[in-house]
Every structure is written in C-alpha cells, then in structure tokens.
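The values are calculated or read from the model by the stated rules, or taken from the named source; none is laboratory data. Fair warning: this is a prediction, and the values are worked out from it, not measured in the lab. Reconstructed Cβ throughout: ideal geometry from the backbone, glycine too, with neighbour counts over all protein chains shown. These area figures cover heavy atoms from the full protein model, side chains too; ligands, DNA and RNA do not enter into them. Shrake-Rupley method; radii C 1.70, N 1.55, O 1.52, S 1.80 Å.
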Amino acid sequence: MVLLEEINALLRMKRFAQVKELVRGERPADIAVLFDELFGEDYEEQKEFLILFRLLPKDLSAETFTFMNSDMQKFLIDAFSDKELQEILSQSFIDDTVDIIEEMPANVVSRILKNSTTGARKAINEILRYPRDSAGSIMTIEYVSLHKDMTVEEAFAKIRRVGVNKETIYTAYVTENRKLIGMVTVKDLFMAEEDDKISDIMETNLISVDTQEDKEIVAQMFRKYDFLAMPVVDKDMRLVGIVTFDDVMDVIQEENTEDVTKMAAITPNEDEYFRTGVFRHAMSRIGWLIVLMIGATITQIIINGYSNAFAAMPILVSFMPMLMDTGGNCGAQSSTMVIRGIALGEISFSDFFVVVFKEFRIAIIVSAVLALVNGIRIYIMYDQNIMLSLTIAISIVATVIISKLIGSALPMLAKKCRLDPALVAAPLITTIVDCCSIFLYFNIAIHMFGI
C-alpha cells in the first residue's frame, strides 16, 4: 500500500505534521484498514501504530476507533491515559461503546465503565442487560424526540441543539409521557410551514419492534420496508431506543457468516480467519466431520449388502461416484434455495407442500436432461450396452428426484422444529442422499439385470 509506505517513512523521520496532514482527509473506515496493516507484534510497529493514532484529530480518532478490531482496541485502551480514554468515549455513540465492551476482557470493561459519564454508564448497562440476539442489544438511545405540540420551527431548533450528539437526525420520534405516538422525517419538516404543529404532520401508522425481538427479524424488517432507522419499544410502548441501518448491516453480515459456516459443517466463529488459531479452527470443524463420517458408514453398510451385485457386474461400481455426486449437488441446490427463502421470509412451513411439489417438477426436468445426456454417453462408450444405459439413466432420474425432495423438505422441517435450517444443509443432506441414491441404484440394477 503506497500510503502506508509513505506514512512509515515519515514516522521514521519524525515528520509528524506531514503525517497528520496526510491522514486528515482519509475516511475513518479506510484509516482503520491502514492501522490493520500497520499493527503487528513487533514493538516498533506497535509504537508507530500508537503514534499515528494520537496524531489523528479527536473526532476522527474516535470514529476510527469504532472501526478497529478488538485486538487493536484493547491495545489502545491499555496504552491510553484515563483522560485519553474519556475523550474517545465521549466522542463515541453508546451502541458502538457497547459493541466494544462485548469483545473485551473484564478488566478492560471495568476501565471503560469507570471512564464513562454517569449517563453513558447507565445507558451501557441498560443495553447490556438485553439478550445478546435481541433488538435491545443492538439499539442506540441517541435519537431525537419531539413533542406533538411543538411547531416545525421549534422542532428544527431542538434538532440543531441536540442533533450533533445523536446517531441520526433524519427521522425524529414523537413521544408523550415517553410513549411512542408518531414520527416525522426531516423531509416532512422541510415541506411544512414553520408554524405547523408536529401533531398535524407526523406519521401515526408506525412500525416498531420490541426490545426482546430477535435481531435477525429486525434485519428482515429493514430489508422489507427500506428503513434507515426503526424505533424500539418496551411492552408498554415506551420508546427506549432505535436501531439504525449500520447496526443492521452488521447483523446481516454476522447472520450470513453463521449460515455459510453451518452449511459447510463448521461451528460458527465470530473472529476473523487470521485472528483464529489453528487449533481453534480444527476444533470448529472436527465435530461435524466425525458426525458425517459416522453417517457415511450407513452408505458403507448398504454397499456391503450388495456385494453379490458387484461380483456379477463389477462395472456397476464405477458409476457410484457419479450418482452420489449428482445426488449431493442436486440436494445442495434445493436446500440452498429453500434456506435463502426462509432467511428472507419468503418461505414458511405452511408452504411445505407447495415448495416440495415445485422442487419435484424441477427434478423431473433436470433428471430427464441428465438421464438423456448420460444414457447417450454410456451407450456410446460401453459398446452400445442399452441395458447399462437404461439402468444408469433410470438411477439418475430416481436419485435427482429423491435428492431434491430431501433437499427442499429438510430445511423446512428443521425450521418447524426450531432448529437452524443451515444445520441440515449441504453436508448432512449429501450424506442422506448418498445412502438413498446407492440403495436405489443397486435395486434398480438388480431388477434390470436380474442379478
């Protein structure tokens, strides 16, 4: 990275003013990436990292701090004086501080809380009490609230007064005795007359979420309604905070990562790839591999049961990998589409028979094409053996149909049983389909050849 090399050279020559000018115009997220390249285990690298951070303007350093990974944040907190830590925390939003606290050891958490203001400490503790996967855990209490009897002019005056400390000012919430009764956007205020009452222009048909609502459901609502922010209320409809778009993006990324790892038969891990040790990587994978390996013994038992068919026609063995791979791939395709539909709220258990029947029709088309292509190939390659071609073609049709039915049904059944659909995805479905495809294949072969 050219900028990193230039900064390193200037730091070694102690030209700190030039370094400060160089990074002043950069975005916080880009600076965090720069720090990630600079940060290392070497003392000199860490020293340069600390110097560069202290050269940043206060507002820029606070925002950059929230984009850093937990290792860099912990290093800086340990290096900060109490005054420096207080300055960083005072410039940070409450929800960002909560995110930092959740990644830190107890001694660092104590220091953060000690150097937070009384109000901030109370807000942090309030958010930390909510379940980890709830809307309350990702909300911020920094929103603009208005009263219904305010005029538009008074509303603008309040936004100008308090807006600098709020995470978003584009949507303001109207409360009465802390209860949420409406909302207005800055666009609504701009389009209204200065003496118009907030009660006359506010939107009362509101969509809100409970503090205990699952954060994945909140993310789905953002996607459905294209929100920039959503109010979070308690059971008495009192407004306690808002969830903003940037927090929802983190949730979506986290959920996608979790689903992808589960679909690959890996125990989810929140840390980055390079920040996770080899042993921990191995432990997160080996459990499912043992389960799947044991599951594969069922396939082995089925194959052993048809040893007479092998002896009579050894060529049958050579087609097993192709049939098993085809079945596994078809099952994985169906499960992936159904899991995606469940995640987006497009598919529910009530759609079970509709989805299964649709996948059945897809399987008919797919299997017909695959059977035709393979039937012709085998007929040409194996001395025009029509019986062998028909056996493999019929086996492919049966394998594709059963794999797509299993691939579409299992995720919905898992969801109904309150399990994560990703748990029954590609690896597990492949194991089940392997057993079914081998069983069908040999029974079809025995029937066709009269073995």
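Does ILE198 count as open to solvent by less than 50 Å² (accessible area, probe 1.4 Å) and out of contact with any Pro (no Cβ under 8 Å at 6 or more places or on another chain)?
yes
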* Selection count, the stretch 241-264, where residues are within 20 Å of GLU167 (Cα to Cα) and either at pLDDT below 75 or in contact with a strand residue (DSSP E or B) (Cβ under 6 Å, 6 or more places away or on another chain) (or both) -> 4
* Subset of the stretch 131-146 [over 12 Å from THR244 (Cα atoms) and hydrophobic (A, V, I, L, M, F, W, C)] -> VAL144, LEU146
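Does LEU228 count as more than 23 Å from LEU344 (Cβ to Cβ) and not acidic (Asp, Glu)?
Considered against the rule, which asks whether it is more than 23 Å from LEU344 (Cβ to Cβ) and not acidic (Asp, Glu), LEU228 comes out as no.
Condition check ((1) modelled with pLDDT of 90 or more; (2) within 20 Å of ALA229 (Cβ to Cβ); (3) not in a helix (DSSP H, G or I)) across all residues:
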{"site": "ALA123", "(1), (2), (3)": "no, yes, no"}
{"site": "GLU126", "(1), (2), (3)": "no, yes, no"}
{"site": "TYR130", "(1), (2), (3)": "no, yes, yes"}
{"site": "SER137", "(1), (2), (3)": "no, yes, no"}
{"site": "GLU142", "(1), (2), (3)": "no, yes, yes"}
{"site": "VAL164", "(1), (2), (3)": "no, yes, no"}
{"site": "TYR173", "(1), (2), (3)": "yes, yes, yes"}
{"site": "GLY182", "(1), (2), (3)": "yes, yes, yes"}
{"site": "ILE207", "(1), (2), (3)": "yes, yes, yes"}
* To do: Pick out the one residue from VAL366, VAL338, VAL354 that is modelled with pLDDT of 85 or more, within 28 Å of ARG418 (Cβ to Cβ), surrounded by 13 or more Cβ atoms within 10 Å (Cβ to Cβ) and of a type in the set (A, V, I, L, M).
  => VAL338
* To do: Looking only at the stretch 369-423, count how many residues are touching a helix residue (DSSP H, G or I) at 6+ places or on another chain (Cβ under 9 Å), surrounded by fewer than 17 Cβ atoms within 10 Å (Cβ to Cβ), over 30 Å from GLY345 (Cβ atoms) and of a type outside the set (A, V, I, L, M, F, W, C).
  => 3
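Listed here are the residues, each with its yes/no results for (1) at pLDDT 90 or above; (2) closer than 16 Å to LEU323 by Cβ; (3) in contact with a strand residue (DSSP E or B) (Cβ under 7 Å, 6 or more places away or on another chain).
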residue: THR399; (1), (2), (3): yes, yes, no
residue: LYS415; (1), (2), (3): no, no, no
residue: PRO421; (1), (2), (3): no, no, no
residue: LEU428; (1), (2), (3): no, no, no
residue: VAL433; (1), (2), (3): no, yes, no
* Among (1) buried (at least 19 other Cβ atoms within 10 Å of the Cβ); (2) closer than 19 Å to ASN165 by Cα, where does GLY119 come up short? -> (1)
* Asked: Which numbered condition trips up PHE39, out of (1) at pLDDT below 75; (2) buried (at least 18 other Cβ atoms within 10 Å of the Cβ); (3) out of contact with any Asp or Glu (no Cβ under 9 Å at 6 or more places or on another chain)?
  -> (3)
* Consider VAL144 against the criteria (1) open to solvent by less than 40 Å² (accessible area, probe 1.4 Å); (2) more than 30 Å from ILE201 (Cβ to Cβ): it satisfies all of them except one. Which criterion is unmet? -> (2)
* Structure fact -> Every listed condition ((1) modelled with pLDDT of 80 or more; (2) under 30 Å from GLY136 (Cα atoms); (3) touching a helix residue (DSSP H, G or I) at 6+ places or on another chain (Cβ under 7 Å)) holds for GLN91 save (1)
* Asked: If you go through the stretch 304-353, how many residues are under 28 Å from PRO411 (Cβ atoms) and among the hydrophobic types (A, V, I, L, M, F, W, C)?
  -> 16
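Return the residue satisfying two criteria in turn: it lies in the stretch 124-138 and is surrounded by 15 or more Cβ atoms within 10 Å (Cβ to Cβ) and farther than 14 Å from ILE100 by Cα, and of such residues it is farthest from the chain's Cα centre (by Cα).
Here the residue is GLU126.
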* Close pairs (8 angstrom Cβ cut-off, 6 or more residues apart or separate chains): at pLDDT below 75 and part of a loop (DSSP other than H, G, I, E, B) in the stretch 1-18, open to solvent by 30 Å² or more (accessible area, probe 1.4 Å) and of a type outside the set (Gly, Ala, Ser) anywhere -> MET1/GLU37
